[in-house]
Amino acid sequence: CPTWTGSDSTTTITGMGFKPDALLIKNYSGTGQPVWNNSTQGIAKNWLPSGQNAYDTNDYIQTYTSDGFTLKGGENSTNVGGSNFVAACWKANGGTTSSNSDGSITSTVQANTTAGFSVVTYTGTGSNATIGHGLGVAPKIIFTKPNVADYGATGNGSTIYVTDPWTDYMEVANAGGNLNDNAVFWNDTAPTTSVFSV
């Protein structure tokens, strides 16, 4: 996880040893929301996991590089003078996606099967369904977020799915941070080596 001192100017973070495909950036000494970004959806489609919001279209991350990423300056959430930042970074498939029809809903998947990490996008139907994840092993944690405001299973930011039991979830935007039990969220079904259930 790289750390850096913020700047009001464009800043390039290097030394990662790979081109990241997903970032979670947090200002840990000042204000600003955490920002998620991934190379499947692009630099101008950010998740703000702590809010009931659609995509944030700010270009916080200006480019992914072969060894890190470049950030816009003067942004409280990702790079501003006087604050300290940390990023969690994942490598998927270099931005290359594929269509996955393993589930009842066709998904778009960018997967790194060696690391056990994938970025999955899909369009929900409102009915019980399965979604292909492309990992080849059952995932142990799943983060979901609708891409429109105040919409989705929670209406309260991102949802985290944890492995056991299959009815548990946590809302990132919920200040309590507690696990909740609801069989509807994941259809009370454990993920398999090819799909997860919604």
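The values are calculated or read from the model by the stated rules, or taken from the named source; none is laboratory data. On a predicted model such as this, the values are computed, not experimentally measured, just so you know. Here the Cβ positions follow ideal geometry from the backbone for every residue, glycine too, while neighbour counts run over all protein chains shown. Heads up: the accessible areas ignore ligands, DNA and RNA and are worked out on the full protein's heavy atoms, side chains in. Shrake-Rupley method; radii C 1.70, N 1.55, O 1.52, S 1.80 Å.
See the values below:
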item: Residues of region 8-50 satisfying the condition of being farther than 20 Å from Phe143 by Cβ, assigned to a loop (DSSP other than H, G, I, E, B) and touching a Pro at 6+ places or on another chain (Cβ under 9 Å); result: Thr14, Gly15, Met16
item: Residues of region 58-80 satisfying the condition of being free of Cβ contacts under 8 Å to residues at least 40 places away in the same chain and assigned to a strand (DSSP E or B); result: Ile61, Thr63
item: Residue that is nearest to Lys140 (Cα to Cα), among those in region 170-186 that are surrounded by 15 or more Cβ atoms within 10 Å (Cβ to Cβ) and at pLDDT 75 or above; result: Trp186
item: Ser107 among the hydroxyl-bearing types (Ser, Thr, Tyr) and more than 19 Å from Pro20 (Cβ to Cβ); result: yes
item: Failed criterion for Thr12 (all others in (1) β-branched (Val, Ile, Thr); (2) surrounded by fewer than 16 Cβ atoms within 10 Å (Cβ to Cβ); (3) under 29 Å from Gly134 (Cβ atoms) hold); result: (3)
item: Any chance Ile43 is closer than 18 Å to Lys145 by Cα, at pLDDT 95 or above and either buried (at least 20 other Cβ atoms within 10 Å of the Cβ) or of a type outside the set (S, T, N, Q) (or both); result: no
item: Residue match in region 100-107 (condition: over 30 Å from Thr192 (Cβ atoms) and acidic (Asp, Glu)); result: no
item: Meets criteria (open to solvent by 40 Å² or more (accessible area, probe 1.4 Å), touching a Pro at 6+ places or on another chain (Cβ under 7 Å) and at pLDDT 95 or above) for Lys72; result: no
item: Selection status of Lys140, free of Cβ contacts under 8 Å to residues at least 40 places away in the same chain, of a type in the set (Lys, Arg) and open to solvent by 80 Å² or more (accessible area, probe 1.4 Å); result: yes
item: Test: residue in region 91-99 that is crowded, with 17+ Cβ neighbours inside 10 Å and assigned to a strand (DSSP E or B); result: no
